[in-house]
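Only one structure is covered here, and it is reproduced in the block below.
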Amino acid sequence: MKFSYVMLPDYPLQDSIEMIKTADELGFHAVYSVDETWHKDMWVLFAAAADKTKRIRFGPNLTPIGLREPTLICQALATLDELTGGRTECVFSIGNFGLLHQYGMDWSKMKPLSRVREAHHVMRTFLDTGAITYEGDFYRYSGLFTFARPVQEHVPLIIGAMRGPKSFQVAGEISDGCHHALSYSKEAYQFLVDNLKIGAERAGRDWTTLDIGAWCVIACGPDSAEAKRTARTMVAFYISSMPHEQLERHGIDPADMAPIVEALGKGELDTALELTSPEVAEKLSIAGTPEECVAKIRDIESTGVNHMILCVTDPAIVKTFTGRDVSVPDCRGQLRLIAEQVMPGFD
Amino acid sequence: MILWNSQVSGNCYKVRLLLPQLGIPYERRELSVVDRSNRAELLGGKNPALRVPTLELDDGRCLGESDAILWYLGDGSRYVPEDAFERAQVLQWLATRPSRPGSGASPPSPATLRSTPEEGPMKFSYALLPDHPVTELVDSIVLADELGFYGAYGADETYHKDQWLVAAVAATRTKNIRLSPCVTHVILKEPTILAHSIATLDELSNGRAECVFSIGNIAMLDQYHVDWKSGGQIKRLREAHHVMRTMLDEGKIDFEGDFYRYTGLFTSARPVQEHVPLKIGAMRGPKSFELAGEIADGMHQALAYSKEAMQFASDHVKLGAERAGRDASQLDLGAWMVASISEDSEAAKQAARVVVAFYIPAMPREQIERHGIDPDSLQPIMDAFNLGDVEKAIELTTLELTEKLSLSGSPEEWVERIRTEVIPSGFDHLICAPIDPYLVAAWSGLEVENVPDQQGQLRLIHDHVMPHFP
C-alpha cells in the first residue's frame, strides 16, 4: 500500500512548501494537489517546492481537461518533471462538475468519456514524442511540437473518476491507473476494482500493475471525537460533488442528502453542517485515532486498492471553509501521526 | 574627468559611447546648444571654440573636437590599433562616416537638432524563449536580477518549457526583477485560471508579478486549428481583460460575456500588489493598440524593429488612451525583440537569423510592410516551412532581412538602433530575447560561434548598452 498526501493549496505558499517538505521527509509516496480555480495555482507552488525535496513525487490530482488544454498540461508536467528530476505523474479527468458548472459548462453534454479517452491519447503522444498531429472529435493538431520534455521515460497518466462504471473500465483499459475520490465503503471500492479489471482484461493488461488509488478526506488525531467532528465539518462540502450512484454505494439515500446540497447552494453553511449527521460523516470520511484510521483503510485495501491518497483536514482548512475552530493536530502534525502510526500497519 | 556635454549633440554622443566601453568614470556637465549665452563663462579658457564636447582631464588640461577626444581616449586600446594601416582606417572612418551633426565650423542647425532624438530613460528586460535546461533559465533570471534588468518575460507558448514554472522557481531566488509571461494567451488558456496563476506568482514573488496577454501566436493557433481570423478577437481581449482584472482585484466573478461566462466563481489565490499590471501584447494593430491604450496598463509589441512599425503602434496606443481620457505617458510601451549581441557583429546576426526565420510565419502582412518589406517576397520562406525544409527557410532569410527583423549586432549597433528607431517612436521599454548558440542549435541544428550564451549577452547589454540610456 502506498500512502500519498493530497493538498488543497489554500495555505500561505510558504506553509504549503513546509508541508511538502515534511511529507517528503516522512516518506510519503507523492504529494498531490487539486488543480481548481478555487485554490492557488498548484503548478506554481510545486515548481517552487521541487528543489526542496528529494524523493517525493508530484502531480495534480486532478487536473481538469474541461478547462485546460491537454497539450498545455503536458507542457507543465514535462517542465515539472525536469525540475523534480523525473518525479511527476498526472491524474486527470474532465473536471470537478461543480467547478465546470460555474463556467457555464454542462458536463453531461460534453461526452466526458470520449473526451477523456482522446485527451489520454493526446497527452500520451505529446509526452512520449514531444510532437503531435491528430484529428479527433475534440482535439485537433497539425505539427505541434514542444521543447518541454520529461525526464522519465514514461510519465504516469492516471484517470480520476467518481461515478463509473465506464470511466473505471476506460482507466483499466488505457491508463496507468485510476484514482477514485470520496469513497470510503468496501462496496464502492469493490465496484471500482471489478470494473477496472473488466477494462484491463479487455485490453489484455494485468490489472494488478495499475495504480488503484483511494482519494479520501482524513482527520487523524489522538482525540477520536474531535477528529470526527473535524471531518464532519468538511463532509458537507464534498457531498454536493458526489454522484447519486456513488452515495448509494455507501448505503446513503441521495434524497436524504438533497437538503444539505440545497442549504449549501443557498450559502446556509450552518444548516448544511447541522444536517450532515455524525452517521453520514462517519460513512464519508476516514476520521478518528490512528487505530480507527488503520481499520478503515484495511477495509478499503481488501478490495485491491493499493494507494491511499489522503486529504488532510486540519484546523486551518476548517477555518477557511467554515470559520469554525477545531482542535486536531495541524497538517504537518497529522502527516507525522499517519507516517508513524498508520503507515507501519501496511506493507 | 569631466565631459562638457549636450544631450542632443551627436558629437557628444560619440564620446559618451566610448567612455563606458573603456570603463572610464567621468562626470557630465550639461550645456544647452540653443542658449549659448553662458558658454564663455563656462568654457572660456577650456576650449577656444566654446563648443561641446569638451573633455576636461583630471590634471586640468582640456581637449575639444570630438574626433580628437575619441583619438585621445582610444589611444592604447583596441579602438586605435597599432598597425599603421588599421590606424589610418580609423581616421578614414572618422572623416567619412555619415551623419556628423555639428561637423564644420558652425553649430548644428535647428533642423538637425530636432531630428536628433533625445535619449530618455529606457527600461531593459530579459525575454525568455525558455528552451534551455530549467536550472540555466533560472540562473539567467537571477543574473538579470543582479544586473538590474526590469523584468523577466517568458514566452508562454506550447513550443517551450512552461514559463510559469520557471518564473515560480526564479521568484524564490530573486529580489527585484518583475516576473511575467509575455505573452500568454486567452483562447487556449482560460483567463480566470491565468488570473489565479498570476496571483499565486505574485504571492510567491512578494508583489512582482504582471501579465502580458494576447490571443496568442497566430502560427501556434493554426496548429491547434483555432479560427482566430473570424473576427471578434478585439472583443475577446476586452472581455479577457475585464475577467482577469475582476478576478485579481476582487477574487471572484459573475459575468455573462460573448466569450466567457461565470457564475459565482471565486478563488483563494490573492495577489500581494494592490494592482497587478495587465498589459496587452499585440503586433498588427491598430485596434489592439488602441484597446491597450484604452483599458490596459501597457502594450508590448512583438517583432517590431523599425521606427515606422513602433511609431504606428505608439500613436495608436496614445489615440486609445486619449479617447478614454487616460494619460498615455503612464502606460508601459514595450518592444519585444528577437535580439543577439556580440562583439562580433556578423556572428550575432547569424545567430538571430535562425529565429527570425521561425518568426516570419507569425508576422501579419501589415507588420511586415511596416519594415519596408514586401510580404510576398517572404512567401518562399513560408513555403519552405510548410514543406518542413527548415534549412532552406533559414537560407532564404538573408542577413539583410535579419538586420531588419531583429536587434542584432555589436553593442555599438544596438545603441545606435535604440537611439534612432526605438526611442523616437515613443517606446521606453526594451524586452530583449537573446538568441544564443543553445537556441540556434535547438531550433535548427546549426552551430554559431562568437556569440555569448544567455548570461554573456545579458552582461554585454548591461555593460555596453544600458549605460547609454540611464
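Okay, here's what the table says:
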quantity: Some residue of region B:143-157 being more than 19 Å from the chain's Cα centre (by Cα) and under 16 Å from A:ALA76 (Cβ atoms); calculated: yes
quantity: B:GLY426 surrounded by fewer than 23 Cβ atoms within 10 Å (Cβ to Cβ) and farther than 25 Å from B:GLN311 by Cβ; calculated: no
quantity: Count of residues meeting criterion [crowded, with 22+ Cβ neighbours inside 10 Å and in a helix (DSSP H, G or I)] in region B:395-410; calculated: 1
quantity: B:GLY388 in a loop (DSSP other than H, G, I, E, B), small (Gly, Ala, Ser), modelled with pLDDT of 95 or more and farther than 16 Å from B:LEU129 by Cβ; calculated: no
quantity: All positions within region B:13-49 that are modelled with pLDDT under 75 and either in a helix (DSSP H, G or I) or surrounded by 18 or more Cβ atoms within 10 Å (Cβ to Cβ) (or both); calculated: B:TYR13, B:LYS14, B:LEU17, B:PRO20, B:GLN21, B:VAL33
quantity: Filter result (modelled with pLDDT of 95 or more, of a type in the set (Asp, Glu) and either more than 15 Å from A:PRO290 (Cβ to Cβ) or buried (at least 16 other Cβ atoms within 10 Å of the Cβ) (or both)) within region A:304-347; calculated: A:ASP314, A:ASP325, A:ASP330
quantity: Elements of type helices (runs of 4 or more DSSP H) in region B:159-235, at least 1 residues being surrounded by fewer than 24 Cβ atoms within 10 Å (Cβ to Cβ) and within 11 Å of chain A (Cβ to nearest Cβ); calculated: B:191-204, B:218-223
quantity: Selection count, region B:130-158, where residues are in a loop (DSSP other than H, G, I, E, B) and surrounded by fewer than 22 Cβ atoms within 10 Å (Cβ to Cβ); calculated: 6
quantity: Candidate set from region A:57-93 (those that are among the aliphatic types (A, V, I, L, M) and more than 11 Å from chain B (Cβ to nearest Cβ)); member that is farthest from A:ALA181 (Cα to Cα); calculated: A:ILE65
quantity: Qualifying residue in region A:273-292 (condition: of a type in the set (Ser, Thr, Tyr), closer than 29 Å to A:LEU192 by Cα, surrounded by 15 or more Cβ atoms within 10 Å (Cβ to Cβ) and touching a strand residue (DSSP E or B) at 6+ places or on another chain (Cβ under 6 Å)); calculated: yes
quantity: In region A:145-179, the residues that are touching a residue at least 24 places away in the same chain (Cβ under 8 Å), of a type in the set (A, V, I, L, M, F, W, C) and touching an Asp or Glu at 6+ places or on another chain (Cβ under 7 Å); calculated: A:ALA148, A:VAL151, A:VAL155, A:LEU157, A:ILE158
quantity: Helices (runs of 4 or more DSSP H) wholly inside region A:196-308 that include at least 3 residues being farther than 23 Å from A:ILE158 by Cβ and either touching a residue at least 60 places away in the same chain (Cβ under 8 Å) or within 17 Å of the chain's Cα centre (by Cα) (or both); calculated: A:224-239, A:290-301
quantity: Output for region A:86-140, where each listed residue is in contact with a His (Cβ under 9 Å, 6 or more places away or on another chain) and modelled with pLDDT under 95; calculated: A:TRP107
quantity: Some residue of region B:75-87 being without any contact (Cβ under 8 Å) to a residue 40 or more places away in the chain, surrounded by 14 or more Cβ atoms within 10 Å (Cβ to Cβ) and within 16 Å of B:LYS14 (Cα to Cα); calculated: yes
quantity: Top-ranked residue of region A:122-133 - restricted to ones that are out of contact with any Leu (no Cβ under 7 Å at 6 or more places or on another chain) and surrounded by fewer than 16 Cβ atoms within 10 Å (Cβ to Cβ), ranked as nearest to the other protein chains (Cβ to nearest Cβ); calculated: A:THR133
quantity: Some residue of region B:305-324 being in contact with a Gly (Cβ under 8 Å, 6 or more places away or on another chain), surrounded by fewer than 17 Cβ atoms within 10 Å (Cβ to Cβ) and within 14 Å of chain A (Cβ to nearest Cβ); calculated: no
quantity: Test set (1) of a type outside the set (D, E, K, R); (2) touching a Phe, Trp or Tyr at 6+ places or on another chain (Cβ under 9 Å); (3) over 23 Å from A:ALA119 (Cα atoms) - A:THR53 fails condition number; calculated: (2)
quantity: Restricting region B:366-397 to residues that are in contact (Cβ under 8 Å) with a residue 40 or more places away in the chain and not basic (Lys, Arg), the residue that is farthest from B:ALA282 (Cα to Cα); calculated: B:GLU391
quantity: Flag for A:LYS2 being over 16 Å from the mean Cα position of the chain (by Cα) and either over 28 Å from B:ILE253 (Cβ atoms) or within 12 Å of chain B (Cβ to nearest Cβ) (or both); calculated: no
quantity: Number of positions in region B:442-464 that are within 14 Å of chain A (Cβ to nearest Cβ) and not hydrophobic (A, V, I, L, M, F, W, C); calculated: 2
quantity: Residue pairs meeting the criteria (Cβ under 7 Å; at least 6 apart or on separate chains; first closer than 20 Å to B:TYR126 by Cβ, in region B:436-452; second in a loop (DSSP other than H, G, I, E, B) and among the hydrophobic types (A, V, I, L, M, F, W, C)); calculated: B:ASP436/B:VAL451; B:PRO437/B:VAL448; B:PRO437/B:VAL451; B:LEU439/B:LEU129; B:VAL440/B:LEU446; B:VAL440/B:VAL448; B:ALA442/A:PHE147
quantity: Candidates A:LEU80, A:LEU67, A:LEU113 - the one that is surrounded by 20 or more Cβ atoms within 10 Å (Cβ to Cβ), in contact with a helix residue (DSSP H, G or I) (Cβ under 8 Å, 6 or more places away or on another chain) and part of a helix (DSSP H, G or I); calculated: A:LEU80
quantity: Candidates A:TRP38, A:TRP43, filtered to the one that is in a loop (DSSP other than H, G, I, E, B) and within 9 Å of another protein chain (Cβ to nearest Cβ); calculated: A:TRP38
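Residue-by-condition table, conditions (1) of a type in the set (Ser, Thr, Tyr); (2) touching a Cys at 6+ places or on another chain (Cβ under 6 Å); (3) touching a residue at least 40 places away in the same chain (Cβ under 8 Å):
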site	(1), (2), (3)
B:VAL226	no, no, no
B:GLY231	no, no, no
B:VAL243	no, no, yes
B:ASP254	no, no, no
B:THR267	yes, no, yes
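The values are calculated or read from the model by the stated rules, or taken from the named source; none is laboratory data. Not measured: the values here are computed from a predicted model. Virtual Cβ from ideal backbone geometry, glycine too; neighbours counted across all protein chains shown.
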